[in-house]
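Only one structure is covered here, and it is reproduced in the block below.
The values are calculated or read from the model by the stated rules, or taken from the named source; none is laboratory data. These figures come from a predicted structure and were not determined experimentally. Positions of Cβ are generated from backbone atoms using ideal geometry, with glycine treated the same way; all protein chains shown enter the neighbour counts. What goes into the accessible areas is simple: the full protein's heavy atoms, side chains included, and nothing from ligands, DNA or RNA. Shrake-Rupley method; radii C 1.70, N 1.55, O 1.52, S 1.80 Å.
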Amino acid sequence: MSKPFDISLESLVKPALPVDAGATQAPAQPTDGGKSFYIETFGCQMNAHDSEKVAGVLLARGYRPASSAAQADLMFYNTCSIREKAAQKVFSRLGEWRGEHTKIIGVLGCVAQQEGEEIFERAPWVRLVCGSASYRRLPELIDELESGGRRVTGLDLDTDETFETEITRRDNPIRAYVTIIEGCDYACSYCVVPHTRGPERSRPSDAVLNEARRLADAGYTEIQLLGQTVNSYHDPSPRGLSFVDLLRAVAAVDGIRRVRFTTSHPNDFTREIVEAIDDTPELCEHVHLPVQSGSNRVLRAMRRTYTREEYLEKISWIRAARRPINVTSDIIVGFPGETDDEFQETIGLLDAIGYDGVFSFIYSPRPNTTASSMSGAIPEPEKLRRLAYLQEHQRQIQMARNAALVGSTQEVLVDSRHAARGQWSGRTSSNRVVNFVSQRQNLLGEYARVRIERSGPNSLVGEHAVDTTGGRHGT
Ligand code: SAH
Ligand code: SF4
Ligand code: F3S
């Protein structure tokens with residue numbers, strides 16, 4: 001399974017945090033010799049976190065983690081369908097198990113939801129297909145297979161439930177993910193997510209806050225709130241917290257020093273969010289606010305529901321804040337009918353905003369989306385040319401922005417170590433990567449003050465400042 005963190009370092013962190021037990025139920029102890037599982041995860045942070053929850057469900061049922069796919073009795077692929085390449089990768093992985101009889105092979109996530117029972121046609125050795133809106137049924141589906149069922153599916157999208165688990169296995173001992181909203185009610189013309197993750201469902205604020213408290217008790221100091229449109233959050237419980245109320249409440253949990261949230265939709269991005277960041281030090285100085293295109297015609301065709309001017313106004317609120325808030329974005333190049341002038345409008349927007357990071361993609365036509373039947377497809381080589389041009393342009397912007405930080409001192413939450421380079425690595429509140437040297441033996445999970453000496457387009461390099469280093473709880 002892909003890991004954001006070198007798990008071998010986990011033992012160095014105090015305390016090691018493999019599972020986050022629910023308030024009411026302790027995990028069943030995995031029994032030696034019991035069945036084992038392995039999960040390989042593709043796609044976004046929502047998927048990465050879903051895999052942590054699925055692992056929790058399996059641990060609670062007595063399964064133990066296998067050290068490799070080959071050794072596992074249960075092999076799950078948690079899949080992504082956002083672009084064609086991602087979906088193809090899943091089928092090539094499944095092909096490696098052709099004719100497999102001893103293992104249970106399961107497909108979860110967005111390709112499962114999108115392709116449904118087609119997967120059994122293409123890979124008859126697969127025995128479970130389940131989309132994220134049906135994960136609450138996983139225990140029952142696994143029971144069915146264990147009692148001799150040949151094939152099971154969970155493909156119901158029409159649900160208002162969220163995926164609550166008794167325990168969650170945490171793969172990252174430094175930063176904990178917390179889902180606050182699932183699904184998506186937008187209908188961007190290029191995007192599969194509303195079809196693969198179902199309608200928008202917010203999680204009751206009590207469940208979110210209880211989880212945040214448990215994580216703080218377990219030693220986590222950084223929490224990342226997750227949702228495809230995280231800032232569309234509306235508390236369904238009688239407390240009726242707004243997104244900003246929830247941000248402030250999570251930030252107020254004892255022991256939590258950093259709160260991040262992703263992904264924000266520009267349409268639901270309010271001044272109140274900027275005000276909350278400004279007056280709440282625990283809220284990180286970073287907003288990921290995907291724009292997709294700088295051209296109003298393309299934005300309309302994408303059905304993004306805002307104009308370039310409206311987006312720029314929101315950016316102006318962020319730039320007027322007292323704290324220096326980083327802004328990052330997603331861009332799609334080569335949307336059907338995008339002219340070179342329209343592409344240049346996107347480049348102009350990058351200049352006007354000065355993003356600190358951009359994830360850029362070439363448009364990929366996806367099944368069941370309205371854009372896939374639009375005329376004006378851009379030839380592949382031209383899409384690639386635009387992508388390379390945009391990435392080089394953005395690289396220059398980031399070089400200049402990062403260079404301005406040389407000489408400053410930054411607080412870094414240390415999350416890994418490059419043994420070969422003798423460097424520690426971590427992130428600033430603004431989500432910049434900082435690599436640095438230190439005399440200290442173990443800094444994982446600590447907040448270190450680092451003097452920045454050099455900069456590149458994607459990271460900063462520095463030296464541990466001798467004056468202070470805050471512990472996990474700011475000691
Ligand atoms: N919910 C988030 C993004 C979800 S998908 C939002 O609305 O911002 C992550 C990114 O993948 C999107 O922001 C978009 O830039 C990209 N993406 C989505 N569908 C795509 C497609 N069909 N082709 C290329 N990129 C795509
Ligand atoms: Fe996809 Fe648009 Fe929903 Fe984001 S807001 S997940 S891009 S449909
Ligand atoms: Fe991919 Fe599904 Fe996430 S399509 S990006 S895994 S929501």
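On the full set of protein chains, 1.4 Å probe, figure out the accessible area of ARG366 and give it in Å² to the nearest 10.
Estimated to the nearest 10 Å², ARG366 gives 20 Å².
I want to verify the translational diffusion coefficient of segment 409-464 in µm²/s; compute it with Stokes-Einstein, Rh as the Kirkwood radius over Cα pairs, at 25 °C and 0.890 mPa s. Mind showing how you got there, number by number?
Details: Rh = 10.8 Å.
Reported coefficient: 228 µm²/s.
Report the FRET efficiency, 1/(1 + (r/R0)^6), for ASP158 and GLN439, where r is their Cβ-Cβ distance and R0 is 45 Å, rounded to 0.05.
Efficiency, rounded to the nearest 0.05: 0.20.
Segment 381-435: which trypsin sites (Lys or Arg not before Pro) are DSSP loop and have at most 14 other beta-carbon atoms within 10 angstrom?
Those that pass, being in a loop and sparsely packed, are ARG421.
Going from the alpha-carbon gyration tensor of segment 175-401, what semi-axes, largest first and in whole Å, does one get by taking the root of 5 times each eigenvalue? Intermediate results must be reported in sequence, preceding the final value.
Working: eigenvalues 211, 86, 43 Å².
Value: 32, 21, 15 Å, ordered largest first.
Less than 19 Å from a label point 7 Å out along the Cα-to-Cβ axis of ASP254: which backbone N atoms in segment 210-247 qualify, by residue?
210-223
Report the trypsin sites (Lys or Arg not before Pro) located in segment 264-361 that are in a DSSP loop and have at most 11 other Cβ atoms inside 10 Å of their Cβ, or state none.
Taking segment 264-361 and a limit of 11 other Cβ atoms within 10 Å, the loop trypsin sites (Lys or Arg not before Pro) found are ARG322.
When all protein chains stay in place, what accessible area (Å², nearest 10, 1.4 Å probe) is found for GLU285?
Surface open to solvent at GLU285 totals about 40 Å².
Counting C-alpha atoms alone, how compact is the chain: give Rg to one decimal and Dmax as a whole number, in angstrom.
Considering the chain through its Cα atoms, Rg and Dmax are 22.5, 65 Å.
Contact order normalised by length for the chain, with contacts defined as Cα pairs under 8 Å and 6 or more residues apart; what percent is it?
For the chain, the relative contact order is 11 percent.
Ignoring ligands, DNA and RNA, what accessible area per residue does the chain give at 1.4 Å, in Å²?
42 Å²
Once you order the gyration tensor axes a ≥ b ≥ c over the Cα atoms, which shape class does segment 144-244 get: rounded for a/c under 1.5, otherwise prolate or oblate by comparing a/b with b/c?
oblate
Could you work out [θ]222 nm for the chain from helices alone, using -39500 (n - 2.57) per DSSP H run of at least four and dividing by all its residues? Round to the nearest 500 deg cm²/dmol.
Computed ellipticity for the chain at 222 nm equals -9000 deg cm²/dmol.
Can you tell me the FRET efficiency between THR370 and SER237 if r is taken as the Cβ-Cβ distance and R0 is 25 Å, rounded to the nearest 0.05?
That pair, THR370 with SER237, gives E of 0.10.
Across every pair of different alpha-carbon atoms, what Kirkwood hydrodynamic radius in Å does segment 44-160 reach? Write down the numbers at each step before the final one.
Details: mean 1/r = 0.0697 Å⁻¹.
For segment 44-160, inverting the mean 1/r across all distinct Cα pairs yields 14.4 Å.
Of all the accessible heavy-atom surface of the chain, with the other protein chains kept in place and a 1.4 Å probe, what percent is carbon and sulfur?
49 percent
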